[in-house]
Amino acid sequence: MYHAVGPDNPEWIWNHLITPIEVFDKQIKILLKKGFCPATLQELYNHMKHNSPISEKAAVLTFDDGYLDNWVYAYPLLKKHGMKGTIFVNPDFIDPTEDYRPNLEDVWSGRCTEEDLVSRGFLSWHEMRKMQESGVMDIQAHTMSHTWYFCSDEVVDFHYPGNNQYPWLFWNVRRDRKSYYLNENQEHFVPYGTPIYQHGRSLGVRRYFEDKELNHYLVDFVREQGVVFFENRDWRNKLFHELELYKSKNGLKGRYETDEEQNDRFRNELIESKKILEEKLKKKVDFLCWAGGAFNEKTLKIAQEAGYLSTTSFYNDKNKKNTFGEDPSGINRTGCVSEFRWRNKFISYTGPDYFIANVKLFYGKKIYLWMIRLYKIKYLMQYFIMRLFKRGEPR
């Protein structure tokens, strides 16, 4: 399971989803060196359901979310090395451009330089069709919205200047600008002081529609104070105090979506998104990746009704090996482990041997668990030694 493949983006809340180009290239090369060969989701499904022949070292590479860098970097590298991949996309995020953005193939042919490449953003229909037609990348479904919704009347935060922790706030009010959110500051789409309620993945929650009068009350309160209000270290507590004042006088007029509203929303996420992809790409869409891993009995039933052959998430189920005899309606995946974190802190990008050890462990070879632990110790030691050297440097 991959997401983005490209340059670092430190300002992005999900920067940890990016696999650097050189790390990705080394991972693909070592897969080939170790005898792994490309396979599609359809080939894997046929093996699991019908025992169709497939290599014992078949590798299915998947890329979630449909980032532009999948076209700019991942697609040319896979094509160069004779590998294949599947990209799971959300129609809400597809870029409307009718141009093909330059990619590594243009660099290799001399049509542009690597500095000319722009990779932040999302794929266009034209780029997806070209990758699909090449046979290198298969396009499949990742639900419609890939967003979060409020799911409780409990306020957990408020929108503030410089807020990049909840980009989905902006997606939900300006759906037409979702594909641009990596390239523009969208915080002005939502007024400062707007309450942020407890929230969850769109396919995992019953949506809560907030009290709009409360929103106006808090936004007006902040507007009267001016932006300098947020320079006060205690600004959150002041807003929580105003919130309690409002509730004591007015209560809350929010509500939860009905069963019918939730069912319609789930159907749009799973059925309508599939129809859009099939119509725009002129192909059958048979596989679904649950956005953020969120699903339940109701969404599983709708997915079956929609005609998906199989769904996948970041299950990483140690007991499931995607072999004949296992239920093919759910395909197991493991992460690409492109970076190592310790106590939520980035320590190091990983080497190709660490990547292969993770693949072998996924195959069920438990001895590789100890190798992975040794690699982690090595990365930690390198990290702390580097820190010691930096402390000793003259200032």
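The values are calculated or read from the model by the stated rules, or taken from the named source; none is laboratory data. Everything quoted here is computed from the prediction, not taken from an experiment. With ideal geometry, Cβ positions are generated from the backbone for all residues, glycine too; neighbour counts draw on all protein chains shown.
Out of all the residues in the stretch 295-315, is one or more under 23 Å from the mean Cα position of the chain (by Cα), modelled with pLDDT under 95, part of a loop (DSSP other than H, G, I, E, B) and under 22 Å from Pro20 (Cβ atoms)?
yes
Among the residues of the stretch 332-342, is there at least one that is touching a helix residue (DSSP H, G or I) at 6+ places or on another chain (Cβ under 9 Å), small (Gly, Ala, Ser) and in a strand (DSSP E or B)?
So far as the stretch 332-342 goes, no, none of its residues is touching a helix residue (DSSP H, G or I) at 6+ places or on another chain (Cβ under 9 Å), small (Gly, Ala, Ser) and in a strand (DSSP E or B).
Of all residues in the stretch 6-23, how many are part of a helix (DSSP H, G or I) and under 17 Å from the mean Cα position of the chain (by Cα)?
Counting residues in the stretch 6-23 that are part of a helix (DSSP H, G or I) and under 17 Å from the mean Cα position of the chain (by Cα) gives 3.
What tally of residues in the stretch 120-135 results from selecting those that are buried (at least 20 other Cβ atoms within 10 Å of the Cβ) and touching a residue at least 60 places away in the same chain (Cβ under 8 Å)?
Within the stretch 120-135, residues that are buried (at least 20 other Cβ atoms within 10 Å of the Cβ) and touching a residue at least 60 places away in the same chain (Cβ under 8 Å) number 4.
Taking the stated definitions as given, is Ser55 free of Cβ contacts under 8 Å to residues at least 24 places away in the same chain, part of a loop (DSSP other than H, G, I, E, B) and touching a strand residue (DSSP E or B) at 6+ places or on another chain (Cβ under 9 Å)?
Yes; evaluated as a whole, the condition is true for this residue.
Which of the residues spanning the stretch 284-294 are out of contact with any Leu (no Cβ under 6 Å at 6 or more places or on another chain) and surrounded by 16 or more Cβ atoms within 10 Å (Cβ to Cβ)?
Leu288, Cys289, Trp290, Ala291, Gly292
Under the condition of being assigned to a loop (DSSP other than H, G, I, E, B), β-branched (Val, Ile, Thr) and within 23 Å of the chain's Cα centre (by Cα), which residue from the stretch 105-160 is farthest from Thr299 (Cα to Cα)?
Val118
When residues of the stretch 62-92 are filtered for being crowded, with 24+ Cβ neighbours inside 10 Å, touching a residue at least 60 places away in the same chain (Cβ under 8 Å) and of a type outside the set (Gly, Ala, Ser), how many remain?
Final tally of qualifying residues: 12.
Go over the candidates Phe240, Phe229 one by one and state the one that is more than 23 Å from His50 (Cα to Cα), in a helix (DSSP H, G or I), in the same structural domain as Asn163 (by TED's automatic domain parsing) and touching a residue at least 40 places away in the same chain (Cβ under 8 Å). Working first, answer last.
Working: Phe229 fails: touching a residue at least 40 places away in the same chain (Cβ under 8 Å).
Unique residue meeting the criteria: Phe240.
Consider Ser310 against the criteria (1) surrounded by fewer than 16 Cβ atoms within 10 Å (Cβ to Cβ); (2) in the same structural domain as Ile94 (by TED's automatic domain parsing): it satisfies all of them except one. Which criterion is unmet?
Here Ser310 meets the rest and fails (1).
Determine if the stretch 218-226 includes at least one residue that is at pLDDT below 95, exposed (fewer than 12 other Cβ atoms within 10 Å of the Cβ) and assigned to a helix (DSSP H, G or I).
No, every residue in the stretch 218-226 fails to be at pLDDT below 95, exposed (fewer than 12 other Cβ atoms within 10 Å of the Cβ) and assigned to a helix (DSSP H, G or I).
What are the residues in the stretch 275-307 that are under 24 Å from Trp125 (Cβ atoms), of a type in the set (Val, Ile, Thr) and in contact with a Gly (Cβ under 9 Å, 6 or more places away or on another chain), if any?
Across the stretch 275-307, the qualifying residue is only Val285.
Quick check: anything in the stretch 189-208 within 18 Å of Gly162 (Cα to Cα) and free of Cβ contacts under 8 Å to residues at least 24 places away in the same chain? Break it down into steps so the answer makes sense when it comes.
From the stretch 189-208, those within 18 Å of Gly162 (Cα to Cα) are 189-196; that's our starting set.
Of the ones still in play, those that are also free of Cβ contacts under 8 Å to residues at least 24 places away in the same chain are 189.
Checked against the condition, which is being within 18 Å of Gly162 (Cα to Cα) and free of Cβ contacts under 8 Å to residues at least 24 places away in the same chain, the stretch 189-208 yields at least one hit.
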